[in-house]
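The values are calculated or read from the model by the stated rules, or taken from the named source; none is laboratory data. Just so it is clear, the model here is predicted, and its values are computed rather than measured. Reconstructed Cβ throughout: ideal geometry from the backbone, glycine too, with neighbour counts over all protein chains shown.
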Amino acid sequence: MDWILDHLDDIEYLTRQHAWLSAVPTVLGLLLAIPLGWVARRYRFLYAPVVVGTGLLYTIPSLALFILMPLFLGTRILDATNVVVAMTIYTVALMTRTVADGLGSVPDSVTASATAMGFGPLRRLFTVELPLAVPVIAAGLRVAAVSNVSIVSVAALIGVPQLGSLFTDGFVRDFLDPIVAGLIACVLLALVFDLVIVLVARLLTPWQRAGASV
Amino acid sequence: MKRTPLLASLAVVAVMALAGCGGGDEALDTDNDSDSGSGDSQEIVVGSANFPENILLGEIYTGALDGAGLEATHRANIGSREAYLPGMLDGSLQVFPEYTGVLRDYFALESGDKMTASDSEGVYAELQEQLPPELEVLPFSEAEDKDAVVVTSETAEEYDLQSIGDLAPVAGDLTLGGPPEWKERQTGLPGLEDVYGVVFGKYVVKDAGGPLTLDALLNDEIQAGNLFSTNPSIAAEDLVVLDDPDSLFAAQNVVPLVAADSMSPELEDALNGVSEALNTDNLSDMVTRVVIDKEDPEDVAEDFLTENNLN
Amino acid sequence: MNEVLAWLTDPANWQGPDGIPVRTWQHLMYSLVSVGIAAAIAIPVGLWIGHTGHGRFLAVNLAGALRAVPSLGLLFTAFMVLGPYLNGEVSVFVPTIIVLVVLAVPPVLAGAYAGVEQVETAARDAARGMGMRATEVLWRVEVPCALPLIFSGIRSAALQVIATATLAATVGLGGLGRYLVDGLAVRDYAQMAGGAILVALLALIVDFVAATLQRVVVSPGLTGKTAGRKNALRRIQRTTLRASGS
């Protein structure tokens, strides 16, 4: 416990790095997953290939992706960009199916009414379908955000400073304190992300709070 | 009316992203700064590998460079040579604490040249030949951290082991543990057979002198293991380092690896000062403080620098 | 890319204790054991939570919290805490399985209780109306109806476990992760990439097998493939829309 108190500023620095490395890909991944999910839902025959195809990306082990990323991106090997791109790929892998299913959960009657009112497909997507899909998407995004916080720690194995560095430091010194500190910080960080997403989802769906059902 | 919540939440996300910017910029900062690290600015990034001794050396180098008026930062804990050597070549890192023997062998693997020396001077000379033009090494330090084959004191007593060669008659019944590289490298299984006629019954891949090999040795999953000579657990756990009279393991002196276009008289003086003040004994003591006593590398490094007037 | 293909097709890599078949089998074993244990723990608990409605709050938050624990850190902790008490390979195997089980429990648990919860009340009422007792309702109606979501949870868990089992190589365990870690150590990028591809392939195959199993086990009435009420409704809607000229 003393060790943790003595090293609070180190822990705080690493937490900020970790937050950045997990949050940016989560947002980017969501933005990329929206068009992909929409395409998968709009054209029935594309659902399986798009969803399964992106889902496949999640099976690539994180360590391999971090190391091989510079070869694809032309970045330098220690750039944090490698981690951000890799994590974005994982987020897209998780969220494409969620977005597709979320858009699919919008009742046909609602989309039909929107079309009847003269909404074009894009306007319908942004003002009707996406807002109604928010509960499903938010649920999936919570899982993705938490998963990202966990995977980013693996980047410690290639020397990117974040909370995972506490794990490797503790391991090579046979010292549990940094590892425990890292575990607690990761869980707290994931909790914060979770709460933010829940909050944003509630802000976006005032009709649910009003108690009316569609 | 429908847009307000959407805008509000976008604003929240944007604020969070900007708040995280404080941390993110730093993550990307080191990379940007290193772009101009090639002699234009004074900013030097010192890297280190993911074992305590190297992190300690990284701290010491960083402190010494700071003391010489160069702005040095320490990028610690980089997992493998495959990650940090490219980092030295692409400008992300300018200084790295290295070891003459392994570094020489790393480059010799690419060039295919045969290395013959095993003494400190000879190895250093061969290293200088093998280095690519972008990298240079400063004079090596007396401090050395060598590969070693280590057994428990029980095993040493049971089979009457003092040097590696003593393993030859019994190795067939024993298991050796070490890094993945040892399967192929001359300083590994092939070399043990060539030089000492030692062939182990089984080889288990653990890590390069790290906690996995140590634990496996202590719980008898392996009877002999590859540890590094300054590992404080050797003394703490009553382990025996087998002698290497035929020099299977070449010299491994601590040496500063520097990117050629970051060289400057101040840098050379600072790092040479460190190399002169370091020796195997004080290095071992410092590693013991970090690993066994759980002290911070920064603190131990500062003590060393202060004692030797290097900061 | 050619180098990766060369590594994958090199016969030397398919033989011996370090060969692809052995490593794949080890990896599959670790994954199946972990998912199996997780399912044995999480499915009964999830079914109970879904059926009785008790403990849902605790379960949801516990599952979420477990998901948040980074596997790498947990692995090191388990290894350091349990390792000294275990001898030999077990000292690595047990911590790894524990961590993988912790990873697999949240998705399976969520699948189980969500699956039971979303069973239509009409079906439950009908069952009770037919005179079934509570346990009969559970096993003969709720569980079969919950199967799609239970399977979905298991498949999701299997995917995460297969991908994360590669980390076990950092504490010395076998499996396909060895190609990643060893490849990195000897600078053999072909080996690293080959290992990554093998992991992805294994995940695909396991998911395919699970999907086939799902198709066999889950009642066709649930998948809606048969001409049922839903399909009829959809046909009516389509005809109506077409008739209205849109």
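Assorted remarks:
- Restricting A:Val192, A:Val187, A:Val198 to residues that are at the interface with chain B (Cβ under 10 Å from one of its Cβ atoms), within 30 Å of C:Gly73 (Cβ to Cβ) and under 18 Å from the mean Cα position of the chain (by Cα) narrows the list to A:Val192.
- Residue match in segment B:86-93 (condition: buried (at least 23 other Cβ atoms within 10 Å of the Cβ), part of a loop (DSSP other than H, G, I, E, B) and within 10 Å of another protein chain (Cβ to nearest Cβ)): yes
- Only residues that are under 16 Å from C:Leu159 (Cα atoms) and surrounded by fewer than 21 Cβ atoms within 10 Å (Cβ to Cβ) were counted across segment A:45-57, and they come to 5.
- Scanning segment B:299-311 for residues that are within 14 Å of chain A (Cβ to nearest Cβ) and surrounded by 15 or more Cβ atoms within 10 Å (Cβ to Cβ) turns up just one, B:Val300.
- Where a residue in segment A:40-61 is within 13 Å of another protein chain (Cβ to nearest Cβ) and part of a helix (DSSP H, G or I) and its partner, wherever it lies, is among the hydroxyl-bearing types (Ser, Thr, Tyr) and surrounded by fewer than 18 Cβ atoms within 10 Å (Cβ to Cβ), with Cβ under 8 Å and at least six apart: none
- Filter result (buried (at least 19 other Cβ atoms within 10 Å of the Cβ), among the aromatic types (Phe, Trp, Tyr) and farther than 28 Å from A:Phe72 by Cα) within segment C:1-44: C:Tyr30
- Residues in segment A:139-161 that are within 11 Å of chain B (Cβ to nearest Cβ) and out of contact with any Gly (no Cβ under 9 Å at 6 or more places or on another chain): 2 in all.
- Counting the residues of segment C:68-98 that are in a helix (DSSP H, G or I) and free of Cβ contacts under 8 Å to residues at least 40 places away in the same chain gives 15.
- Any hit, segment B:57-69, residues being assigned to a helix (DSSP H, G or I), more than 13 Å from B:Ala259 (Cβ to Cβ), modelled with pLDDT of 90 or more and of a type in the set (S, T, N, Q): yes
- A:Leu103 vs. criteria surrounded by 15 or more Cβ atoms within 10 Å (Cβ to Cβ) and within 12 Å of another protein chain (Cβ to nearest Cβ): no
- Scoring C:Ser31 on the criteria (1) farther than 27 Å from C:Thr121 by Cα; (2) away from chain A (no Cβ under 14 Å); (3) modelled with pLDDT of 90 or more leaves a single failure, condition (2).
- Exactly one residue among A:Asp177, A:Asp169 is assigned to a helix (DSSP H, G or I), surrounded by fewer than 21 Cβ atoms within 10 Å (Cβ to Cβ) and of a type outside the set (Ser, Thr, Tyr), and that residue is A:Asp177.
- Qualifying position, being within 16 Å of A:Asp101 (Cα to Cα) and either away from every other protein chain (no Cβ under 14 Å) or assigned to a helix (DSSP H, G or I) (or both), among A:Ile67, A:Ile34: A:Ile34
- Flag if B:Val287 is more than 17 Å from the chain's Cα centre (by Cα), more than 15 Å from B:Tyr61 (Cβ to Cβ), at pLDDT 90 or above and outside any loop (DSSP other than H, G, I, E, B): no
- Residues located in segment C:182-199, provided they are facing chain A (nearest Cβ under 8 Å), within 27 Å of C:Val102 (Cα to Cα) and more than 18 Å from the chain's Cα centre (by Cα): C:Met192, C:Gly195, C:Ala196
- Residue in segment B:260-279 that is more than 30 Å from B:Ser92 (Cβ to Cβ) and surrounded by fewer than 17 Cβ atoms within 10 Å (Cβ to Cβ) present: yes
- Within segment A:68-85, if we keep just the residues that are modelled with pLDDT of 90 or more and within 18 Å of B:Ile78 (Cα to Cα), the residue that is surrounded by the fewest Cβ atoms within 10 Å (Cβ to Cβ) turns out to be A:Val84.
- Test: residue in segment B:128-139 that is closer than 24 Å to B:Ala235 by Cα and assigned to a loop (DSSP other than H, G, I, E, B): no
- Options C:Ile43, C:Ile49: the member that is more than 14 Å from chain A (Cβ to nearest Cβ) and touching a Gly at 6+ places or on another chain (Cβ under 6 Å): C:Ile49
- Condition check for A:Ala181: in contact with a helix residue (DSSP H, G or I) (Cβ under 8 Å, 6 or more places away or on another chain), modelled with pLDDT of 90 or more and more than 8 Å from every other protein chain (Cβ to nearest Cβ): yes
- Selection count where residues are acidic (Asp, Glu) and part of a helix (DSSP H, G or I), scope segment C:163-201: 1
- Residue in segment A:129-137 that is in contact (Cβ under 8 Å) with a residue 24 or more places away in the chain, crowded, with 21+ Cβ neighbours inside 10 Å, among the small types (Gly, Ala, Ser) and in a helix (DSSP H, G or I) present: yes
- So C:Ala157, is it within 14 Å of another protein chain (Cβ to nearest Cβ), assigned to a helix (DSSP H, G or I) and either crowded, with 24+ Cβ neighbours inside 10 Å or at pLDDT 90 or above (or both): yes
- At least 1 residues being within 18 Å of B:Ser141 (Cα to Cα) and modelled with pLDDT of 90 or more is the threshold, and among the strands (runs of 3 or more DSSP E) wholly inside segment B:215-273 those reaching it are B:224-228, B:254-259.
- Condition met for B:Pro97 (under 30 Å from A:Thr81 (Cβ atoms) and part of a loop (DSSP other than H, G, I, E, B)): no
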